[in-house]
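Take a look at the structure set out below.
The values are calculated or read from the model by the stated rules, or taken from the named source; none is laboratory data. Fair warning: this is a prediction, and the values are worked out from it, not measured in the lab. With ideal geometry, Cβ positions are generated from the backbone for all residues, glycine too; neighbour counts draw on all protein chains shown.
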Amino acid sequence: MIVVLVLVLLLAPAYAVTEAELDKRLYGSVSVNQTDEYDFSLNETSVQEYVIRVHVLNIQPQKNSPLLIVIKQQQHVLSFEVPAIINEIISHSNVSRTLCPISVTPDKIATLIIGISSFTSEPIPYMVRAEWVRNFD
């Protein structure tokens, strides 16, 4: 039983969870052995609704080794790959997505989670930024 537990712990990929702030560039690298997750607490008391734009840059893009981005909100999940390949011709290594508005109340903190992973054995460096879009109409 203990041997099985030790093997599971040794074979499990490293999983880093980081508390993050909006409007800050975050750098890291991921591989099959390393997954990163950024948790954002949205609790500005003067705001009723957040609109967030997530920017992801794959610093060393390769068509066959994409980053997988998974964005989790309370009632929504969005996933995409970077680089984004269009018609197998055009490759975009810098990709942005605007999320559905996130409602907040004074008594409830909303959370936004951005997970970054890859299935490649070599580390892939990236930059991610969750930007608060003010005056979004």
Reported set for segment 61-89 where residues are exposed (fewer than 14 other Cβ atoms within 10 Å of the Cβ) and at pLDDT 90 or above is VAL77, SER79
Scan segment 49-73 for residues that are part of a strand (DSSP E or B) and either touching a Phe, Trp or Tyr at 6+ places or on another chain (Cβ under 9 Å) or farther than 24 Å from VAL133 by Cβ (or both) and report the count. 12
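Does at least one position in segment 31-42 carry a residue that is part of a strand (DSSP E or B) and either loosely packed, with under 13 Cβ neighbours inside 10 Å or in contact with a Lys or Arg (Cβ under 8 Å, 6 or more places away or on another chain) (or both)?
Scanning segment 31-42, I find no residue that is part of a strand (DSSP E or B) and either loosely packed, with under 13 Cβ neighbours inside 10 Å or in contact with a Lys or Arg (Cβ under 8 Å, 6 or more places away or on another chain) (or both), so the answer is no.
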Restricting segment 98-137 to residues that are among the basic types (Lys, Arg) and surrounded by fewer than 14 Cβ atoms within 10 Å (Cβ to Cβ), the residue that is farthest from the chain's Cα centre (by Cα): LYS108
